[in-house]
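Data block below; observations after.
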Amino acid sequence: MQGKLIFILLLMFSTIISAQESKGRFFVETGVKISGGSNYLNFAGKTGFSYNHIKGYYKFLQPADIHSYSYKGSSWSVAPRVGYYLTKRASIGIDCQYFYSNFEYEFENYRISAGGIFARYLFLDKKITPFFEIKSGLGRSKGVEEYVSSGGGSYMKNEYQNLFYFGMLGGFAFKLNDKFGVNISVLAQNTIEKFSDKSNFGTPVFKISNWEVGPLLSLNYVFGRIKD
């Protein structure tokens, strides 16, 4: 299924390229997630930094002991995009993303490397225009967690997962000048995470399909000028 979706996107790209003259320009772009309660790690196109500190307690009835806990850590994500305008309205490009977290509540550290392709279409040749985009890509995650053996010694355990994501977004593109632009959009993305480290039999085999919808604010910079 993943291979078929990527093949369809590549076929769309080749069709557009064959129908247009290559007289566009390149652009770079990245964005931030504006809001949203959930914060899935592989949200394509999201750059940012966060710090978390969780404190709480739990109480046993028999005996009446109170145990407190505290978890803290930070995470950051870098997600540059490089695109090319085939025409004044149609563009294609590649997504790249690297995410790192040392939030000790889940893993000692957790990281994702992902990359993919996207296609975008602007409906109007105006300073403000609605647009639509589709994207798809692959990635790999690594989680490192500390465990305590039956003998009392501690050891680090690595867990690896393969990722596949597919997303669609729509919104408005604002052309500030000939070089800079801002996009406000809503991204709906499905990320599938599959267990891949078959050498580590201590980790159960699993597959997770995660849907997330959230608003994005993106800034782009365009190189060169479109020829008339």
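Quick one: is VAL148 open to solvent by 60 Å² or more (accessible area, probe 1.4 Å), within 22 Å of PRO80 (Cα to Cα) and modelled with pLDDT under 90? No. Note on segment 158-190: residues that are open to solvent by 70 Å² or more (accessible area, probe 1.4 Å) and of a type in the set (A, V, I, L, M) total 4. In this structure, SER136 does satisfy being buried (at least 20 other Cβ atoms within 10 Å of the Cβ), modelled with pLDDT of 90 or more and among the polar types (S, T, N, Q). Taken over segment 107-121, residues that are closer than 22 Å to LYS175 by Cα and either more than 22 Å from the chain's Cα centre (by Cα) or open to solvent by 40 Å² or more (accessible area, probe 1.4 Å) (or both) amount to 1. Can you pull out the residues in segment 66-90 that are closer than 17 Å to GLY31 by Cα and in a strand (DSSP E or B)? Passing the criteria: SER75, TRP76, SER77, VAL78, ARG81, VAL82, GLY83.
The values are calculated or read from the model by the stated rules, or taken from the named source; none is laboratory data. Owing to the predicted nature of the structure, the values given are computational and were not obtained by experimental measurement. Heads up, the Cβs are rebuilt from the backbone with ideal geometry, glycines too, and the neighbour counts pull from every protein chain shown. Accessible surface areas use protein heavy atoms only, side chains included; no ligands, DNA or RNA. Shrake-Rupley method; radii C 1.70, N 1.55, O 1.52, S 1.80 Å.
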